[in-house]
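The structure under discussion appears below in the form of structure tokens.
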Amino acid sequence: MSQIDNVGVGGKPRSRRQAYEDKLRRKSLLIAVMSSAAVVLAMVVLVPMAPGWDRVVKSFFNWSVMTRTFPGLLEAFVQNIMIFAWSAPLIAVLGLVIALMRDARSPVLFPLRIFGAAYTDIFRGLPVILTVYLIGFGIPGLGLSRPYNSPYLWGTVALVLTYSAYVAEIFRGGIDSVHSSQRSAAQSLGLSDRDVMRYVVLPQAIRKVVPAQMNMLIALQKDVALLSFIGPVEIFRQAGVYKSLSANFTPYVGAAIIFLAVTIPATRYADYLMQKQARERS
Amino acid sequence: MTIKTLLMGTALTFAAGTAFAGGHLCYEGKTLTEGKLTVATGNPAYFPWVMNDDPASGEGFEAAVAYAVAEEMGLAADDVIWVRTSFDEAIQPGAKNFDVNMQQYSITPERDEMVDFSAPYFSAPMAVVVVGEGLDAAPTMESLKALKWGAVGTTTAVPMLTSMIEPSDDPLLYGDNADVTAAMQAGQIDAALFDLPTALFLSAVMIEGSAVLGQVPADRSENPDQFGMLMEDGNPLKTCVDAALEALTESGALAAIEAEWLQTTTGVPLIAE
């Protein structure tokens, strides 16, 4: 034991300094474990001592309600995934188009710049739920016939409009972050404006904004639930139905678990991408 | 003479009578505010349950029942305080801001496990409101299956829809009556299931070009919807409210309020097999 302790990396004997640092590290690890244990213990012991705990357990963590409703929630979650799956590519494309509009440099295209700016201002400024309501009920109310008045269709339109405004701003940030000297260099090589954007600016810009866009995907995944307000029975609405019928909030906890099962890995992945990018930059 | 002044008059006489007798009143020490009955309604509260979203006027079926119950318990009309809650606030664990909550809550055994209900103050059959293509449907279960259905997601209409009508297309569910109305006007759904008084009101006033196709016979639903006042689980006031409702039922006062505020439900055809 002591022999191993005295051997550092590469078989070199460890210096006193290394030994001291290891000791510090062990000490801080011990403190971290102890303080975490204390917090967990406090939560496990103290929270159930609150007078309303039994009532909360019955309302939010009711096992029999959970087992009865969880399969139905999973089934409803398929709708969330579907809406997400067809919205995300549309958002990416429209977002990029809007970002390019805002970057239009030719004077002739000035109206496009104005449009792009107005578009992002309006749809970033409105709460998503408001857009979903207004478009989801308003446009079909104009007298469209089925299936063109489907809440899935117009709910998707509302999500795409809102999210593409955010995504466009992120893309624009990426485009702006490519130094203008690169454009000049490309132009001096004889590339057209279009080719400069396509072959020089965008490949760098898009790479830079991938982590930020991952966060938008995670947000979108949650906001799909807002479509429930105009009819589709996705997981949030289904949980609400179960909640009303049993006067019990446990189905919401079930829905939260399902959401987390998807969003936590996605968030970790986004963090990983960001760290990777930060390392590459430094 | 409005019903409020009428109730106030009788309540005052009654209160004077009991005070004179020096009797102990059932509700004492059991209400949120001593000597007051706090009643919760929806936000907004809907016709014909509460007229003009103004429960303090005593107009509308549930508002009138609340004042009648308060009177029966020995409280004056002025002692009735109105608050607004959502469904979720009504069922959340912890302290409540109401003694009783009246929002057409159907009494079900599952809900009864979590909260308390008073004795029923109304039995509501479910009825079908149709619009657009739905107007051509025959009042039979078979023809109803083919329609595009909607309902309020927080009501017992949902299990009834899925277990009884079993629509071929998944129903769309909404947060409240207003959203179902919007969906019907937008032509997104052909038919929706409501309790009969709500159905009659929505069809007559709110949804242009709609009709009440028929009511679901009570025996088709295993558990005909009965509305009860919702209370916190174990609320001691329940016995007082139940006694008051029982007295009102026996004296015929409850039936009289129903006759006054709820459109007559005769003449709405039953939906056939």
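The values are calculated or read from the model by the stated rules, or taken from the named source; none is laboratory data. All figures in this text were calculated on a predicted structure; none of them were measured in a lab. Positions of Cβ are generated from backbone atoms using ideal geometry, with glycine treated the same way; all protein chains shown enter the neighbour counts. Areas reflect the complete protein model, heavy atoms only, side chains present, ligands, DNA and RNA absent. Shrake-Rupley method; radii C 1.70, N 1.55, O 1.52, S 1.80 Å.
Points to keep in mind about this one:
- Computed over protein heavy atoms with a 1.4 Å probe, the accessible surface of region B:55-150 works out to 31 Å² per residue.
- Solvent-accessible area of the protein assembly as shown (1.4 angstrom probe, protein heavy atoms only): carbon and sulfur portion equals 63 percent.
- Against the empirical 2.2 N^0.38 Å (N residues), chain A has a Cα radius of gyration ratio of 1.41.
- Distance between the C-alpha centres of region B:61-95 and region B:105-180: 26 Å, rounded to the whole angstrom.
- Averaging 1/r across all pairs of distinct Cα atoms in region B:126-220 and inverting the result yields a Kirkwood radius of 12.7 Å.
- Accessible surface, region A:191-282, averaged per residue in Å² (probe 1.4 Å): 48 Å²
- Comparing the full protein assembly with the isolated chain (1.4 Å probe, heavy atoms, ligands and nucleic acids excluded), the residues of region B:75-96 losing at least 30 square angstrom of accessible area are B:Asp88, B:Ile91, B:Pro93.
- The residues packed around A:Ser64, meaning those with a beta-carbon under 11 Å from its beta-carbon, carry a net charge of 0 if Lys and Arg are +1 and Asp and Glu are -1.
- Within straight-line cross-link reach of A:Lys23, aspartates and glutamates at Cα separation under 19 Å, skipping those fewer than 8 residues along the same chain: A:Asp5
- Cross-link partners of B:Lys36 among lysines (Cα-Cα below 23 Å; sequence separation of 8 or more within a chain): B:Lys4, B:Lys96, B:Lys238
- At least 20 Å along the helix axis (C-alpha) and Kyte average at least 0.0, DSSP helices within chain A: A:16-46, A:63-102, A:110-125, A:151-176, A:202-223, A:250-281
- Residues losing 40 Å² or more accessible surface upon assembly, region A:238-273, compared with the chain by itself, 1.4 Å: A:Val241, A:Lys243, A:Ser244, A:Leu245, A:Ala247, A:Phe249
- Principal-axis tilt of helix B:3-21 within chain B, Cα atoms, nearest 10 degrees: 40 degrees
- Solvent-accessible area of A:Lys276 with every protein chain in place, 1.4 Å probe, in Å² to the nearest 10: 80 Å²
- Against the rule of thumb 2.2 N^0.38 Å, how large the Cα Rg of region B:115-273 comes out: 1.11
- Averaging Cα coordinates gives a centre for region A:229-277 and one for region A:22-48; these two points are 30 Å apart.
- Probe 1.4 Å - accessible area at A:Leu112, Å² to nearest ten: 60 Å²
- Potential extension, A:Ala117-A:Val44 segment - 0.36 nm per residue separation minus Cα distance: 21.1 nm
- Summed buried accessible surface, chains A and B, 1.4 Å probe, nearest 100 Å²: 2600 Å²
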